[in-house]
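Asks: Quick one: the structure is below, and I'll ask about it shortly.
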Amino acid sequence: MQPNRPAARRARAVLAVLVVLLVGLGGWLVWETGGYGLLAAGREPSDNGASPTAREMVVANLVRQERGAGVLLVLQERGRARYLVLTIGPAEAVAIAMPMQGEVPPRPLTHDLMARMLEELRAEVVRVEVTELRGDAYRAQLVLHAEGREITLDARPSDAIALALRAQVPIYAEVDLLERAGISDEQPF
């Protein structure tokens, strides 16, 4: 017997909404208690030269996948219930989780080393922009300021976000990417 395709799609959509709501709630609790979230005192959306079509994002949660070794990185659009969910590796998840939790490793991790190198070279991370989805791989740009000029480097979103958290700079996602690949509980299924 063939499964009922519309019913299966609705069930997947309902499951996706439930997962987003649970992830969002858990992430909100973690972020608000850590001072990184939407309600963080005195935190206003910033304009660091990002594209006018980009929306500021916050790291809402990291969720270990039940199957496989991947971790879901959940980015939430600031002030909205729209999410971008990226699959990242466990090492990158640790690199993102540590600054979120205020932990300092006993010796520098790769992203700590990179942040320190940038500092010594008098280059500063200005922002991160998650720009597109090619196939099943997200792409990002790490934007630096050095020697009076802006430098844009292609990067994996997980690496760029790990550096953004260390530098305490904003993370953006292009609105067309959010419309195409984002999940929202603002829209009925």
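Asks: Taking only segment 98-146 into account, find how many residues are of a type in the set (D, E, K, R) and either touching a strand residue (DSSP E or B) at 6+ places or on another chain (Cβ under 6 Å) or in contact (Cβ under 8 Å) with a residue 12 or more places away in the chain (or both).
Replies: Counting residues in segment 98-146 that are of a type in the set (D, E, K, R) and either touching a strand residue (DSSP E or B) at 6+ places or on another chain (Cβ under 6 Å) or in contact (Cβ under 8 Å) with a residue 12 or more places away in the chain (or both) gives 7.
For (1) within 27 Å of His145 (Cα to Cα); (2) surrounded by 12 or more Cβ atoms within 10 Å (Cβ to Cβ); (3) modelled with pLDDT of 95 or more, each residue gets a yes or a no:
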| residue | (1), (2), (3) |
| --- | --- |
| Pro52 | yes, no, no |
| Glu56 | yes, yes, yes |
| Arg67 | no, no, no |
| Gly79 | no, no, no |
| Leu84 | yes, yes, yes |
| Pro105 | yes, no, no |
| Pro108 | yes, yes, no |
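Asks: Moving on. Against the condition among the small types (Gly, Ala, Ser) and touching a residue at least 24 places away in the same chain (Cβ under 8 Å), how does Ala69 come out, does it pass?
Replies: Judged against the criteria, Ala69 is not a match.
Asks: Continuing with the same structure: Would it be correct to say that Gln101 is of a type outside the set (Ser, Thr, Tyr) and modelled with pLDDT of 95 or more?
Replies: no
Asks: Only one of these conditions is not met by Ile88: (1) at pLDDT below 85; (2) touching a strand residue (DSSP E or B) at 6+ places or on another chain (Cβ under 7 Å). Which number is it?
Replies: Condition (1) is where Ile88 drops out.
The values are calculated or read from the model by the stated rules, or taken from the named source; none is laboratory data. It should be emphasised that the depicted structure is a prediction, and the values quoted were computed from it without experimental measurement. Cβ atoms come from the backbone with ideal geometry, glycine included; neighbour counts cover every protein chain shown.
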